[in-house]
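Asker: Pasting in a structure now, in structure tokens, and then I'll have a few things to ask.
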Amino acid sequence: MVENTIEKLRSLRAEALQKISAAKTSDQLESVRVEYLGKKGKVSEVLAALKDLDADSRKKVGQISNEVKSVLEDGISSTRDQLQQSEMDAELKKDSLDSTAPGITYFRGKIHPIRQVLREAISILELAGLSAAYGPEVEFEDYCFDKLNFKPGHAARDMQATFFVKTDEGAKPLVLRTHTSPVQVRSLLTAAKNNFTLPIRIQAPGRVYRMDDDSTHAPMFHQIEGLAVDTSSTMGDLRAVLDFFFRKFFDQSVKIRFRPSYFPFTEPSAEVDVSCVFCAQKGCRVCKQSGWIEVAGAGMVHPEVFEACGWDPKKVQGWAFGMGVERLAMLKLGVPDLRLFFENRMSFLRGAR
Ligand code: PHE
């Protein structure tokens, strides 16, 4: 009887060890454990029979059964470790991160380059004491031309190819403003109404429209106007403000020069050139070897303009300038074709500043 039981235990051990090493997953291993060492397992079953034996036999069988139990437990626990390790490895392999896979690029929106340049120009002119004033893009023809001393039928009216707006008969003729200079008129009229309050120091940024379309002209573009009026106001002041502006704007010690020119609303009038920001005046394609680039129109407010807006030209003086924002942006950002600003190709907008 005792021998039988011992024999049984030995064969159970051999059988169990074999199954343990054959287990391929920790689940399979667990069922082997339950089958042999569980409460109703095969080894426990044999031990339950112990109580029928005498003390001496119980001791013998008990010793062997403990031995079998501990051998099986050791086998199970080391096999479990191995299986769990390889199961974890497999799991990790499945989820692993491929650091060589191409990533997804997310682009953030940004301010259009023209708007960025416009804002920068505005803030520099604010430092120079000019506060922003705005006028409508659909403007009275009277403000856009007549009050600015463009005579009816004068060739100067054709200088700026104008979009006319259809209006009811008898209504004041309207145009899409061809320049920001009508804001000069509006500022002069408003200040005249307010007891001729001086000084006037404004800048007028905004959109303007002309019937033009090529690599350097667009039907819609932006200008910034400057206007300063006081009892005394000189071309020297104008020069100082523009000098300050262009140095700040291009972040270089650029020079400016005035060339005589003609505008109906200024006298004297000048074209303003800035020393070439690309070649430091050595001569390049952009400045056409001249070392200078035209950036603005300017001059002293014409007496006819003062008069048309209700001011006595003998009592006040003023200067004004107007510059094209796209042109400034092309120079500042090194953009070769004006049309790039309006086509809104993503590649250009992403790359531009
Ligand atoms: N309005 C002019 C233009 O569009 C520029 C200018 C503004 C010239 C102010 C002189 C004074 O060309």
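Asker: If pairing requires two Cys Cβ atoms under 4.7 Å apart, which cysteines of the chain are left without a partner?
Answerer: 144, 309
Asker: Right, next: What's the center-to-center distance, using Cα atoms, between the range 281-311 and the range 127-189 in Å?
Answerer: 19
Asker: Going by Cα centres, the range 22-56 and the range 241-278 are how many Å apart?
Answerer: Using only Cα atoms to place each centre, the spacing works out to 101 Å.
Asker: Each residue of the range 175-182 in order: what ³J(HN,Hα) in whole Hz does its phi give by Karplus 6.51 cos²θ - 1.76 cosθ + 1.60, θ = phi - 60°, with x for Gly and Pro?
Answerer: Running phi through 6.51 cos²θ - 1.76 cosθ + 1.60 with θ = phi - 60° gives 9, 7, 4, 8, 7, 8, 4, x Hz.
Asker: Report the gain in length on full extension from residue 49 to residue 288: 0.36 nm times residue separation, minus Cα-Cα distance, nm rounded to one decimal.
Answerer: Contour length minus Cα-Cα distance gives 74.8 nm.
Asker: Which entries in 147/255; 110/255; 255/282 show an alpha-carbon gap greater than 23 Å?
Answerer: Over 23 Å apart, Cα to Cα: 147/255; 110/255.
Asker: Amide H of residue 266: which non-local residues (sequence gap of 5 or more, or other chain) have their own amide H closer than 5 Å, using H built in the peptide plane?
Answerer: 302
Asker: So, counting K/R as plus one and D/E as minus one, what does the shell of residues with Cβ under 12 Å around residue 174 add up to?
Answerer: Once all neighbours under 12 Å are counted, the net charge is -2.
Asker: Set the Förster radius R0 to 56 Å, insert the Cβ-Cβ distance between residue 91 and residue 123 as r into 1/(1 + (r/R0)^6), and round the FRET efficiency to 0.05.
Answerer: The formula returns an efficiency of 0.45 here.
Asker: Also: Could you check which residue among 76, 293, 104 shows the biggest mean-square fluctuation in a GNM of the chain with a 10 Å Cα cutoff?
Answerer: 76
Asker: Another question about this same structure. Can you tell me how the range 1-146 classifies by the Cα gyration tensor, rounded, prolate or oblate, using a/c under 1.5 as the rounded cut?
Answerer: In terms of gyration-tensor shape, prolate.
Asker: Calculate I(q)/I(0) for the chain by the Debye formula, one identical point scatterer on each C-alpha and no solvent, and give its log10 at q = 0.14 Å⁻¹ to two decimals.
Answerer: Debye intensities relative to I(0), on a log10 scale: -1.12.
Asker: How many nm is it between the label spots at residue 73 and residue 56, if each spot is 7 Å from the Cα in line with the beta carbon?
Answerer: 2.9
Asker: Next question. Where does the range 117-216 land on the Kirkwood hydrodynamic radius, alpha-carbon pairs, in angstrom?
Answerer: Kirkwood radius, the range 117-216: 15.0 Å.
Asker: How far is it, in nm, from the label point at residue 213 to the one at residue 138 when both lie 7 Å from their Cα along the line to the Cβ?
Answerer: That separation, rounded to one decimal, is 2.1 nm.
Asker: While we're here: How big is the charge dipole of the range 2-95 about its Cα centre, in debye rounded to the nearest 20, if each Lys and Arg gets +1 on its Cβ and each Asp and Glu gets -1 on its Cβ?
Answerer: 240
Asker: Taking the simple approach of a point 7 Å from Cα along Cα-to-Cβ for both residue 7 and residue 267, what is their distance in nm?
Answerer: 13.7
Here, each number is a calculation from the coordinates, and none is a lab measurement. Here the structure is a predicted model, which means the values were calculated and not measured. In this analysis, Cβ positions are derived from the backbone assuming ideal geometry, glycine residues included, and neighbour counts consider all displayed protein chains.
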